[in-house]
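For reference, the structure is listed below as structure tokens.
The values are calculated or read from the model by the stated rules, or taken from the named source; none is laboratory data. Model, not experiment: these values are computed from the prediction. Neighbour counts are summed over all protein chains in view; Cβ atoms, including those assigned to glycine, are modelled from backbone coordinates with ideal geometry.
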Amino acid sequence: MKIRRPHPVLTAALTGALAIGALAGCSAAAAETTSGTGTTTTTVSDVATTVDDALADNEDYTGLAALADETWDTSSETAVSLDGDSATVSGDGATADGSAVTISAPGTYRISGTLDDGQVVVSSEADGVVRLVLDGADITSSAGSAIAVTQADDVSVVLADGSSNSLTDASTYEDTSEDAPNAALFSSDTMVVSGTGALTVTGRSNDGIASKDGLVIAGGDITVTAVDDGVRGKDYLVVAGGAIDVDAAGDGLKADNEDGTNDDGETVGYAALLGGEVTVAAGDDGVHAESELVVDGATVTVSESVEGLEAAHILVAGGTVDVTSSDDGFNAAGGTTTTDETSSDAPAEGEAPASDAMPQGERPQGGGGGMPGEAAGDFSLVITGGDVTVDAGGDGLDSNGTLTVSGGDVTVLGPTDAGNGTLDSASAITVDGGTLLAVGSSGMLQTPGDGSEGWVAATFDTLSAGSELAVVDSSGTTVAEVTLTKDAQAAVLASADVTSGEEYTLRADGADVAIVTAGEAPEGSGMGMRP
């Protein structure tokens, strides 16, 4: 696919280190859906438009991430030497029994050599960091995890400069109890992975890398293959640097705490991709978070997935995101739904919508998205910067709450069937900055709503993959252009280069396919069947 935009677009990309600050600058969002007898107003929680706002109430990861920058006295290290079917320890805090190594105290442990069938277990009750320096370590286990942290204060895994390391777990674990280790590199406590070395992780039973607390990846050249999830943190998963290549049968990257908050009232179950390069091929979601999913400064490529990026609240503030999915490319879903109970048209709990509500399968013109009678939920999809490309078999950008683009360069190559939409939002779509170009099927066409910048929308006879589709203004200047990767019957362009009320022509391979007026939706748009 190639995308050409002759006019530069000013983006609002956010750069620099993340500072967890006070919640500020959020905007309240409300959606209105009109029935035959009145209007139902759905109030959605404040929507964060900056990284600081999005993560302000979340469990703080910065203390853990700071461990990646710590230095230590190499003369105080304990050496763990692996040799086929046995291991030896030189120094304090660790013991070896055949091919089983147990680390029982905070300290720095340099691990090197090969274990053909063994395990390194960390069980440290004392406060302090357990630092594992992998320096040419190759560990394979037939009983469970290659490295299993069952107890520790914090764990720092450092990939030594110039080293190549490998961790492979068992195909079947001996201990399958609920709290038992279940990944090739496993920690029951917070863990950070850093360094400039390489690490190959093979999860033959379940996950590749997993923490039952918080997980930060700050560096390293990491390759993960897993029969379930590739890289998983529970309270949070933060990628701040390095290169991560994941091939997983389940989710690629995941933060899966469904509790909502921890004991201190901080939000958990979030993922933040703030640096580095992430490449994912997944059998389920490419990147999944239960609460917030934030991208800023990272290069994220999801080459294969069912749903590309999924969370209750998704914010792309910068970086590059390229998603290929068989279903939704972006999906903001999974939280709670809130409806204004004072509305005369709001159904009572467990009650069906009134019979005179909007007919089944229809949605309000100009971007109302939900099922008939269904309120917009407490979900949001916000893009304020960066370069975003989506190639989706299902909905391209899908939000069960609000959908806002206020910066960046966004291209969506949507579905070919009428049962999905290139843009699908339960409430109005707002584009008030940046550029959004969406092409796909015409069956569920939605257009930007009130408060949006200039936009054009058109339907046309089916164009085949490979066609060059251009939007041209009245002076003959090409405003936007895209090469289709699959068939398309509709296009929506929102851009500062589009002037409401002006006439625009859509051309495919040089031939006119539609002439439209900016700000006017095609006849029948906003209507369509949801699957």
Segment 410-431: number of residues that are within 23 Å of GLY385 (Cβ to Cβ), surrounded by fewer than 24 Cβ atoms within 10 Å (Cβ to Cβ) and not β-branched (Val, Ile, Thr): 0
Being of a type in the set (Ser, Thr, Tyr), out of contact with any Phe, Trp or Tyr (no Cβ under 7 Å at 6 or more places or on another chain) and either under 24 Å from ASP327 (Cβ atoms) or buried (at least 22 other Cβ atoms within 10 Å of the Cβ) (or both) is the filter here; which residues of segment 432-491 pass it? THR435, SER441, SER442, SER452, THR459, THR462, SER464, THR483, THR485
Would you be able to say whether some residue in segment 397-416 is under 21 Å from ASP497 (Cα atoms), modelled with pLDDT of 95 or more and of a type in the set (Asp, Glu)? yes
Cβ contacts < 6 Å: first residue farther than 11 Å from GLY113 by Cβ, restricted to segment 129-144; second residue in a strand (DSSP E or B) and aromatic (Phe, Trp, Tyr), any location; separation 6+ or different chain. Result? LEU132/TYR109
Test result for ASP264, surrounded by fewer than 21 Cβ atoms within 10 Å (Cβ to Cβ), farther than 15 Å from MET191 by Cα and out of contact with any strand residue (DSSP E or B) (no Cβ under 9 Å at 6 or more places or on another chain): yes
Criterion (surrounded by fewer than 24 Cβ atoms within 10 Å (Cβ to Cβ) and small (Gly, Ala, Ser)) met by exactly one of ALA255, ALA226, ALA243: ALA243
Selection from segment 359-396 of residues of a type in the set (Asp, Glu) and either modelled with pLDDT of 95 or more or within 16 Å of ASP432 (Cβ to Cβ) (or both) yields ASP387, ASP391, ASP395
Check whether at least one residue in segment 493-511 is over 26 Å from VAL323 (Cα atoms), crowded, with 17+ Cβ neighbours inside 10 Å and among the aromatic types (Phe, Trp, Tyr), and report yes or no. yes
Quick one: in segment 274-294, of everything that is touching a Ser or Thr at 6+ places or on another chain (Cβ under 9 Å) and buried (at least 22 other Cβ atoms within 10 Å of the Cβ), which residue is nearest to THR196 (Cα to Cα)? VAL278
Can you find a residue that is aliphatic (A, V, I, L, M) and surrounded by fewer than 21 Cβ atoms within 10 Å (Cβ to Cβ) anywhere in segment 144-159? no
Lone qualifier among ASP179, ASP169, ASP189 - being at pLDDT below 95 and closer than 21 Å to LYS234 by Cβ: ASP179
Kindly indicate whether GLU310 is crowded, with 23+ Cβ neighbours inside 10 Å and within 19 Å of SER211 (Cβ to Cβ). no
Determine which single condition GLU70 fails, assuming it passes every other condition in (1) within 27 Å of VAL238 (Cβ to Cβ); (2) at pLDDT below 95; (3) not aliphatic (A, V, I, L, M). (2)
